[in-house]
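Okay, structure first, notes after.
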Amino acid sequence: MRAPTQRYRNILDFALSSLLRRKGRNLSLTGVYTLVVFVLASLIFFVQALKREARELLVQAPDMVVQRLVAGRHDPILAAQAEAIRSIRGVLEVRPRLWGYYYDPAFGGNLTVMANEHEPIAADAVWIGQGVARNMRVNEGDLISLRAYDGLPMLFLVQKILPTESELVSSDLVLMAPRDVRSLFHFPEGLATDLAITAGNPRELPTIAAKIVERFPDARPILKAELLRTYEAVFDWRGGLMVVVLGSALLSFVIFAWDKATGLSAEERREIGILKSIGWESSDVLLLKFWEGTVVSLTAFLSGILLAYVHVFFFSARLFEHALKGWSVLFPRYRLLPALDGYQLTVLFFLTVLPYTAATLVPIWRAATVDPDAAMRT
Amino acid sequence: MAGPSVRKSSIYLSLTGALAVLFLGMLLHAKVQAGRAMNQRESNTALVRSLGLTDLCIFTEARYTRHPAMADRHAAFQDHPMGLDHFPSGSLVAPPTFPSPHARPHPALPQHP
């Protein structure tokens, strides 16, 4: 009963000895392989976690946002249009939103200033996101100064700093009372940045959007489905750098593995020749090479995945920070929540192990079926 | 006298076994964290709902990277004549699909018989 297991153990022993005889080359191969798996797994984990957060969080976004376009650009919308839109059948609620961007010359970052009517924010007070607090180096109870439209400074008391866990949605937010937003930006009464619409039945949204465009031809309705689709498209497989990073990493690894496998040294050929001359069959040689490949693949795959998991979910993908940060001065430090599924891991397995196996299989098959006499003579 | 030597395959199988246990631990950790994540996500969804937020705060350098869902159609130099496309966020965001999702169908024209 033990014989088949023993045979595999013996071949595994032999495969390990064979790998250790060419220690430098095989260690470097395993190192590069682990690195490829690590980079690909980090990218996939990071992207999937962000997409999942977008899906879970933005499901609470307004059903529809209506903007007004003037000369092709987004312009403030008349709050009075809210009444007309509310009268459309199927519309439950229309909420004018008051928000805008504020460039802070002191630290050179962009902030999102927003009016909050639902929370008791006192006049001349603000609630700020963690990113704003970090960049301005302020705590609750401190005063911050923002330059109003006329260049005069306006002082605000930091009433609350939004929790760290919410940084993915609130890092650059400055929330204040609507009156303060209007004073800061000289935003006229009766205008809003856009209108947030809630519909009774989401399936009626396209009809409601069509009615809004019919009544207000300068309006641009953006449906929640489109918001969600935007985030599905962000970091998409087809998107920009992702293709370049993934494609070049995979291609260079396939070239590396192919080069390694086709460049069977004379010593290896002689070894195969000797093994066959002492009675090993081609299937045994293939099994030996299969074990050598499995040792390298399995070690690299498991190590790469584990390192990527720690990198993305414990260290917030620090290695990607410089690439993601870009020109941002205010960079949100969010800790992503692990989102793993069998599909991702299967994709990773096929993206990494399959190219390696495919690149090494043919040369090994050719070496294993070679005539032992010819192999030893070369 | 040297003791019985350990087989190489035993060392390898132990190490791979340890890696496999860590791998299972990773899956378990992700599962446990998913449970804890619900609380964190609930407070965030409450914030999104009460403020009517439309975008995640990932890239803050420009209007169209901060609020990709609310931005004008993607266009270079839209911030400033010297404002080149913000790299690399401009490259990470996929190009818009055509026809644009914001495009609305025109009202149907009467058909000639």
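The values are calculated or read from the model by the stated rules, or taken from the named source; none is laboratory data. All figures in this text were calculated on a predicted structure; none of them were measured in a lab. Don't worry about glycine lacking a Cβ; one is built from the backbone with ideal geometry, like all the others, and counts go over all protein chains shown.
Observations, loosely collected:
- The set of residues in the range A:206-236 that are more than 25 Å from A:L57 (Cβ to Cβ) and more than 8 Å from chain B (Cβ to nearest Cβ) comprises A:T207, A:K211, A:I212, A:R215, A:F216, A:P217, A:D218, A:A219.
- Within the range B:46-56, if we keep just the residues that are touching a helix residue (DSSP H, G or I) at 6+ places or on another chain (Cβ under 6 Å) and in a loop (DSSP other than H, G, I, E, B), the residue that is surrounded by the fewest Cβ atoms within 10 Å (Cβ to Cβ) turns out to be B:T54.
- Candidate set: the range A:237-257, residues that are in contact with a Pro (Cβ under 8 Å, 6 or more places away or on another chain) and modelled with pLDDT of 75 or more; chosen: the one farthest from the other protein chains (Cβ to nearest Cβ): A:V254
- Hey, A:Q60 touching a helix residue (DSSP H, G or I) at 6+ places or on another chain (Cβ under 7 Å) and without any contact (Cβ under 8 Å) to a residue 60 or more places away in the chain or not: yes
- Filtered by the rule that a residue be aliphatic (A, V, I, L, M) and surrounded by fewer than 18 Cβ atoms within 10 Å (Cβ to Cβ), the range A:134-160 gives A:V138, A:L143, A:A148, A:L152, A:M154, A:L155, A:L157.
- Highlighted here are the helices (runs of 4 or more DSSP H) found entirely within the range A:268-378 that include at least 3 residues which are without any contact (Cβ under 8 Å) to a residue 40 or more places away in the chain and closer than 25 Å to A:L29 by Cα: A:282-313, A:342-368.
- Any hit, the range A:110-133, residues being in a loop (DSSP other than H, G, I, E, B), under 31 Å from the mean Cα position of the chain (by Cα), within 14 Å of chain B (Cβ to nearest Cβ) and surrounded by 19 or more Cβ atoms within 10 Å (Cβ to Cβ): yes
- Unique residue being in contact with a strand residue (DSSP E or B) (Cβ under 6 Å, 6 or more places away or on another chain) and basic (K, R) when the list is A:R86, A:R25: A:R86
- Every residue from the range A:312-339 that is under 13 Å from the mean Cα position of the chain (by Cα) and closer than 22 Å to B:L27 by Cα: A:V312, A:F313, A:S316, A:A317, A:R318, A:Y334, A:R335, A:L336, A:L337, A:P338, A:A339
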